[in-house]
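The values are calculated or read from the model by the stated rules, or taken from the named source; none is laboratory data. The shown structure was predicted, so the numbers you read here are calculated from the model rather than taken from an experiment. Quick reminder, even Gly has a Cβ in these numbers, built from the backbone with ideal geometry, and neighbours come from all protein chains shown.
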Amino acid sequence: MKILIKNNDEKMSKEAAKIIINQINIKSNSVIGFATGGTPLGLYKELIIAYNEDNLDFTQMITFNLDEYVGLPKSHEQSYNKFMWDNLFNHINVKKENVNIPDGMVSDPEGFCKEYEKKIEEVGGIDIQILGIGRNGHIAFNEPGSEFDSRTRVVRLTEETIKDNSIFFEDIHDVPTKAITMGLGTIMEARKIILLARGNNKSDAINKLLNGLVTKEAPATVLKNHKNVTIIIDKEAAE
Ligand code: PGA
């Protein structure tokens with residue numbers, strides 16, 4: 001694992017953006033796995049700058065998002081679909097048909113998850129997957145206890161995750177209790193992985209990832225078994 005410690009969010013975001021921009025420059029039809037949450041927002045701003053100022057062309061890029069809440073329509077203020085369009089996709093020239101985000105409203109979630117996996121396979125797999133990390137060590141919504149070979153599926157969120165995410169909702173009871181998430185096995189098949197973390201509330205999870213044993217109780221530790229992972233963190237998360 002390559003570990004880069006940066007002074008602040010802007011430097012972290014620029015570093016991550018450099019890797020993505022380089023990938024798109026080398027292969028215009030790259031398959032990029034995107035993540036939601038507060039952490040990658042700076043990275044998305046940098047990608048928008050690359051589009052506006054350096055004419056980076058995203059028309060061939062294919063995207064797959066990590067997860068989505070079950071029960072929230074795409075238009076919901078807190079849906080990850082809306083997050084991605086508001087914070088990135090509406091501001092670059094990505095093609096709508098190349099964007100893949102799990103749909104939390106499907107009537108057959110199991111069939112949908114199988115189809116999602118098939119789509120990733122059909123485009124040749126993910127070139128770069130962007131990840132955040134939860135305080136409990138989750139990546140995407142693979143909560144502690146998730147199997148390392150798990151695939152895209154419906155999961156139940158832990159109390160801790162519901163509490164962490166409740167800051168975005170009016171009431172904690174409005175936070176969905178289930179989500180569709182790419183599995184750890186799915187994520188591990190990405191050719192390259194970039195994990196971003198900032199703030200001292202992530203330092204424990206980062207410590208476990210860098211210094212702890214590979215265990216299902218800290219799902220991110222599975223990344224130690226991957227050949228091409230870059231971890232970009234700020235000083236607080238590195239503490
Ligand atoms: P955050 O979420 O970027 O909002 O901290 C990360 C995560 O829970 O995976």
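Structure notes:
- Selection from the stretch 144-157 of residues that are away from the ligand (no atom under 11 Å from the Cβ) and either assigned to a loop (DSSP other than H, G, I, E, B) or under 22 Å from L209 (Cβ atoms) (or both): P144, G145, S146, E147, F148, D149, S150, R151, T152, V155
- Test for I26: is it under 15 Å from the mean Cα position of the chain (by Cα) and at pLDDT 95 or above: no
- Listed by first and then second residue, the pairs linking a residue in the stretch 106-130 that is of a type in the set (A, V, I, L, M, F, W, C) to a residue that is in a loop (DSSP other than H, G, I, E, B), with Cβ atoms under 6 Å apart and 6 or more places separating them unless they lie on different chains, are F112/V106; C113/T152; I126/A190; I130/A35; I130/P40.
- No other residue among E160, E147 is at pLDDT below 95, surrounded by fewer than 16 Cβ atoms within 10 Å (Cβ to Cβ) and farther than 18 Å from I62 by Cβ apart from E160.
- Residue satisfying all of: in the stretch 27-54; of a type in the set (G, A, S) and under 20 Å from M12 (Cβ atoms); surrounded by the most Cβ atoms within 10 Å (Cβ to Cβ) among these: G33
- Lone qualifier among N65, N100, N93, N7 - being within 16 Å of the ligand (Cβ to nearest atom) and either among the hydroxyl-bearing types (S, T, Y) or in contact with a helix residue (DSSP H, G or I) (Cβ under 8 Å, 6 or more places away or on another chain) (or both): N65
- Subset of the stretch 18-51 [within 16 Å of the ligand (Cβ to nearest atom) and among the aliphatic types (A, V, I, L, M)]: A35, L41, L43
- Of residues in the stretch 186-225 being outside any helix (DSSP H, G or I) and more than 16 Å from the chain's Cα centre (by Cα), the one nearest to the ligand (Cβ to nearest atom): G199
- D57 satisfies every condition listed in (1) among the acidic types (D, E); (2) in a loop (DSSP other than H, G, I, E, B); (3) over 28 Å from N8 (Cα atoms) except (3).
- Inter-residue pairs, beta-carbon under 6 Å, first in contact (Cβ under 8 Å) with a residue 24 or more places away in the chain and small (G, A, S) and in the stretch 23-45, second in a loop (DSSP other than H, G, I, E, B) and within 12 Å of the ligand (Cβ to nearest atom), 6+ apart: A35/L66; A35/G132; G37/G132
- Flag set for V222, criterion: closer than 17 Å to F148 by Cα, surrounded by 23 or more Cβ atoms within 10 Å (Cβ to Cβ) and of a type in the set (A, V, I, L, M, F, W, C).
- Qualifying residue in the stretch 133-140 (condition: free of Cβ contacts under 8 Å to residues at least 60 places away in the same chain, of a type outside the set (F, W, Y) and in a loop (DSSP other than H, G, I, E, B)): no
- Subset of the stretch 102-114 that is part of a loop (DSSP other than H, G, I, E, B) and in contact with a Lys or Arg (Cβ under 8 Å, 6 or more places away or on another chain) - its residue that is farthest from E68 (Cα to Cα): M105
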